[in-house]
Structure formats: C-alpha cells, structure tokens
Amino acid sequence: MKMFLKDFGVVLCLVVTTARFSSADLGNIDSPVDYSLATIQDDDVSFLIYQNSGTSFQTVAIGQNVVLTPNVRIIIHGYNENPDLEWVVQMRDGFLSKGSYIVVVVDWSKAATNYELGASNVQKLGEYVGQFLIDSGLDYSRSEIIGSCLGGHAAGHAGKYFFQKTGKMVPRIFGLDVAAKKFELPEVPEENRLSIKDADFVGVVHTDARQWGFKQPIGMVDFYPNGGNYQPGCNGADVDEDVCSHVRANYLFAESITSLVQTEEVNIVIEDGLVVSNPVDPNVARLIMFGEQVEQQPGPGSFVFSTQAVPPYLVISQ
C-alpha cells in the first residue's frame, strides 16, 4: 500500500475520525475482541487532506500516492461516526490555527457502523495507518497518533505494525477514552489492544471509566479529568451521561492543542467498579501539562484535574 501526500512545505496533521453509540448496533460486547471477524477493506478507508483552512480538502484513497511532511498527527475515530462531527472539526481547526499544518481526517466510518465488527476491524485499520506512515517517507521523530474510542486500539496496532516493519517506535500515541468493551483488562492481552509498549510515549485520557472507557492506567501517562468516572455537564434529562462523558475526552484534547492546563499526580485504585484517586506525597507529587501540551517523557504516572461543565471546558493555568 503506497500512500504519499504532496509536500506542501508545511507541518502535516492526520486526523482519523469516534463513535455515537447506538445500542441496536453494539452486537456482542461481552466477549473479548475477535480479529478473525474483520471485514474492513481498502475502499472502506479514505483520507481527507486539509491545509491552511477547514473549508477545502483533497480525498486520498488507500493505494494512491502521497508524500508526507514532518510533524504528523494521526487521529483515529471509533464506531459510528464521520469526519463532520463537531469534535473532529474543532480538533482539525485547532491544529490548523497554529499555522503550517496539514490536517488529514481519515474516514473509516464504512467499517465502523457496528461496534462488534468495528472492534474486529481495528487491528487491520492500524496496519493501514502504520503502512501509510512507512510509505510516506516522512521524518518519524515528530509524529503522533491520536486515537479516540476504538481508534485508540487502532493507534496501538499502528504502533505495533510500524515497529514490526521498521524496528523503530512511533514517537507518540494518545488514546482518548479508549474503548473498554471487548478490550478490558485482564482478559485481553497487550498485543490485542493499546498498551504502553506501542510508542516511545503513550498518553491516555479517561473520561467515562465507569462504562465505555478503561478504568486502569494503560499508558505512560494517564489523565483522569474530574476523577475519570464521568464528566460535569453530562447529567441532563436529554443527555446520555455515559456517552456524553465518553466523548468529552475528544473535546478536552482538542482544547489542549491551544491551551495550557496543569494536572496533579495521584495514585489510582479501582473500588466497586469506579476509579478512586488517592493523593501522592506532596513532596514528590509532580505537576504536568495536559494533553497535546504534555512533554514527551514526563515519566510514568496518573494525573487529575478539574474542568468546567460547559465549553470551554479546560481551566487555563496561570
């Protein structure tokens, strides 16, 4: 699979689109993921390439030639979504607003209409993304893969595939409320899901740990906004609290592209199915920035911070 994007002389950001949940389309979510059920094909994936603004783009299919420039950002969506969703646009435009970026929204929505099948497709999708990076000939030292929901596991598989083929690690992966259904510990081994071993740095944002997202830390750095179980502002009569909390990770990360937010180190334990944050000795507890602003190698740990119930959600550090 040869995929090259014409060199526009600017930074490239790849955005691969997460999921609106429909109970009718979930399938069997109680058993571990089965990659032998994968149905994804080349024509199920396309890349929408933006530069300078979000108003125009070029579409590149798998197999077409493109040339990538450095500073790649790849964001991979989960089940039952598309590139026009609000959080995708916000993230795309956040990168574009910083200047000298190309944003590529990778649309695999055709292969993600059912949660069970979407889960089965993430390994192959990750291989597509990994091969995309290999064939592009770019400078890998500044690349990052950002995966939301099921896309978090696809990001992990992209990192695994990239290492298997090149002997090199993807520098950076971020998982946004990575899907727990069919992937939760300890039933699913690291080779079948996102893990700390998939990149030089793996960061994870947990916003719906009580339902759709992972409870346990699985990255080098794991962020638990508002404790990680659910999010403020997601408790209205017309709101599915868990879906709202699950998707909130995407908005928080999108805001972090242009915002500095400080987080505090904690110890995470799971009690009665919920995440509990216990304080770390203040003499050794660390403070680090959230999301896109976190340094490359802060050292392993879990971190908490508070947000607002309405956008902008992040409380900017002074």
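Numbers at a glance
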quantity	calculated
Matching residues in region 171-191 - criterion: being over 24 Å from SER109 (Cβ atoms) and either buried (at least 24 other Cβ atoms within 10 Å of the Cβ) or under 15 Å from the mean Cα position of the chain (by Cα) (or both)	PRO171, ARG172
Qualifying position, being at pLDDT 90 or above, of a type in the set (Asp, Glu) and farther than 20 Å from VAL60 by Cα, among GLU190, GLU184	GLU190
Given (1) modelled with pLDDT under 80; (2) over 16 Å from GLN131 (Cα atoms), number of the condition VAL16 does not satisfy	(2)
Residue count, region 63-76 (criterion: buried (at least 18 other Cβ atoms within 10 Å of the Cβ) and either out of contact with any Phe, Trp or Tyr (no Cβ under 7 Å at 6 or more places or on another chain) or farther than 24 Å from ASP177 by Cβ (or both))	8
Check on VAL269, at pLDDT 95 or above, over 24 Å from GLY233 (Cα atoms) and outside any loop (DSSP other than H, G, I, E, B)	yes
Test: residue in region 199-209 that is farther than 19 Å from GLU116 by Cβ and surrounded by fewer than 22 Cβ atoms within 10 Å (Cβ to Cβ)	yes
Any hit, region 291-299, residues being within 23 Å of ILE145 (Cβ to Cβ), in a strand (DSSP E or B) and at pLDDT 95 or above	no
Tally of residues being farther than 15 Å from LEU176 by Cα and either in contact with a Leu (Cβ under 9 Å, 6 or more places away or on another chain) or not hydrophobic (A, V, I, L, M, F, W, C) (or both) across region 286-301	9
Residue among SER143, SER148 that is of a type in the set (Ser, Thr, Tyr), touching a strand residue (DSSP E or B) at 6+ places or on another chain (Cβ under 6 Å) and buried (at least 23 other Cβ atoms within 10 Å of the Cβ)	SER148
Within region 300-318, tally of residues that are assigned to a loop (DSSP other than H, G, I, E, B), of a type outside the set (Ser, Thr, Tyr) and more than 16 Å from TYR251 (Cα to Cα)	2
Given (1) over 14 Å from the mean Cα position of the chain (by Cα); (2) among the β-branched types (Val, Ile, Thr); (3) crowded, with 20+ Cβ neighbours inside 10 Å, number of the condition VAL105 does not satisfy	(1)
Strands (runs of 3 or more DSSP E) lying entirely in region 130-210 (those with 1 or more residues that are of a type in the set (S, T, N, Q))	144-148
Verdict on SER36 being of a type in the set (Ser, Thr, Tyr), surrounded by fewer than 19 Cβ atoms within 10 Å (Cβ to Cβ) and at pLDDT below 75	no
Residues of region 275-300 classified as surrounded by 14 or more Cβ atoms within 10 Å (Cβ to Cβ) and under 22 Å from the mean Cα position of the chain (by Cα), total	9
Verdict on TYR161 being over 19 Å from PHE95 (Cβ atoms) and not hydrophobic (A, V, I, L, M, F, W, C)	yes
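Residues checked against (1) acidic (Asp, Glu); (2) modelled with pLDDT of 90 or more; (3) in contact with a strand residue (DSSP E or B) (Cβ under 7 Å, 6 or more places away or on another chain):
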position	(1), (2), (3)
GLN58	no, no, yes
VAL66	no, no, yes
LYS98	no, no, no
SER109	no, yes, no
THR113	no, yes, no
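The values are calculated or read from the model by the stated rules, or taken from the named source; none is laboratory data. All values reported here derive from a predicted model rather than from experimental measurement. Neighbour counts run over all protein chains shown; Cβ positions are idealised from the backbone, glycine included.
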